[in-house]
1. Cα centroid distance between region 87-157 and region 1-80, in Å?
2. Note down the net charge around Arg15, summing +1 for each Lys or Arg and -1 for each Asp or Glu among other residues with Cβ under 15 Å from its Cβ.
3. Quick one: angle between helix 122-131 and the longest Cα principal axis of the chain, in degrees between 0 and 90, rounded to 10, please.
4. With only Lys, Arg, Asp and Glu charged, each at its Cβ (+1 for the first two, -1 for the last two), find how big the charge dipole of the chain is about the Cα centre; round to the nearest 20 debye.
5. At 1.4 Å probe size, with every protein chain present, just tell me what the per residue accessible area of the chain comes to in Å².
6. Would you work out if region 56-95 is rounded, prolate or oblate? Take a ≥ b ≥ c from the square roots of the eigenvalues of the alpha-carbon gyration tensor; rounded if a/c is under 1.5, else prolate when a/b is larger than b/c, oblate otherwise.
7. Please determine, in degrees from 0 to 90 and to the nearest 10, the orientation of helix 33-43 with respect to the longest principal axis defined by the Cα atoms of the chain, where the helix direction is its Cα long axis.
8. Choose one of Pro9, Leu266, Ala243: the residue whose Cα lies farthest towards the positive end of the charge dipole of the chain (beta-carbon charges +1 Lys, Arg; -1 Asp, Glu; about the Cα centre).
Amino acid sequence: MSRFSPEPPHVHGSRGKTAVLLINLGTPAAPTAAALRRYLGEFLADPRLVEMPRLLWWLILHGVVLRLRPRQSALKYAKIWTSEGSPLAVHTERQAKLLRGALGADPQLVVGWAMRYGEPNIAATLDRLKAEGARRILVLPLYPQYAASSSAAAFDAVAAWLSRTRNLPELRLVRDYHDHPGYIAALAASVREHWRQQGGPAKLVMSFHGLPQHTLDWGDPYFCECQATARLLAAALNLADDAWQLAFQSRFGRAKWLQPYTQATLEALGRQGLGRVDVICPGFAGDCLETLEEI
């Protein structure tokens with residue numbers, strides 16, 4: 001039996017379609033402990049996410065984490081769950097539909113979306129795009145700043161699909177867009193609109209997802225790309241140096257993570273007696289648990 005997946009019938013001389021595949025991190029199927037156990041089991045088993053000896057982490061993951069964390073996480077997801085489902089899935093699907101509309105009415109263009117962990121999964125979505133006639137696929141992870149634990153993990157899933165595919169499409173991978181003028185302009189427009197309605201704060205905190213310090217030490221460019229995004233956004237808003245600050249949220253465990261920490265930053269600003277601080281999370285293309293509950 002062949003190791004390759006079945007192919008749609010080849011039509012000689014066909015032009016083929018061009019597809020864009022948006023990829024986001026992932027979401028559980030429901031805000032329940034059982035659904036979180038399945039989701040976290042897939043998510044936290046990825047060696048891109050946790051870089052420690054596999055056997056040791058397997059024992060910790062199955063002996064401790066998946067016994068305690070699913071119930072705790074389910075309570076958090078229940079706070080943000082909507083009638084349409086997971087906010088991240090809802091936003092990503094809408095972004096795919098809006099992108100398809102923005103690209104015009106060309107029937108040779110297809111847009112799909114997938115999650116690195118959970119559903120819809122990347123392999124099944126790529127299979128569908130191929131079945132719809134896609135011969136060229138642009139893979140766009142919705143992570144503005146590149147990190148091995150996010151962008152590279154998405155590319156790993158695409159590579160795994162390629163290894164099982166006989167008739168490969170042309171592929172282009174978008175590594176990052178942390179300094180793209182359109183991205184910076186969109187962030188600035190969002191902030192300006194908020195300030196137009198609410199007035200400006202004493203300080204703007206740009207809070208990014210945190211990563212362990214060793215990722216920077218081992219050569220991951222994420223920290224530097226977050227710094228670049230923050231500087232460009234501050235420049236687009238014409239902010240003085242003392243009117244904004246970068247910080248990192250989402251620490252897990254006792255190891256040292258990228259600093260400054262968002263919580264410690266906000267506590268320090270509170271001790272300074274600032275009347276108001278606004279927080280923006282420029283590393284997220286759509287609202288999710290981290291932006292709706294944690295931050």
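1. Cα centroid of region 87-157 versus Cα centroid of region 1-80: 15 Å apart.
2. +1
3. Tilt of helix 122-131: around 40 degrees.
4. Around 640 debye, computed over the chain.
5. Spelled out: the 1.4 Å probe surface of the chain, per residue, equals 53 Å².
6. Since a/c reaches 1.5 but b/c is at least a/b, the shape of region 56-95 is classed as oblate.
7. 80 degrees
8. Pro9
The values are calculated or read from the model by the stated rules, or taken from the named source; none is laboratory data. Computed from a predicted model, the values in this text were never measured in an experiment. Please note: Cβ atoms are built from the backbone with ideal geometry, for glycine as well, and neighbour counts cover all protein chains shown. The protein model used for the area step is the full one, side chains on, heavy atoms only, and it has no ligands, DNA or RNA in it. Shrake-Rupley method; radii C 1.70, N 1.55, O 1.52, S 1.80 Å.
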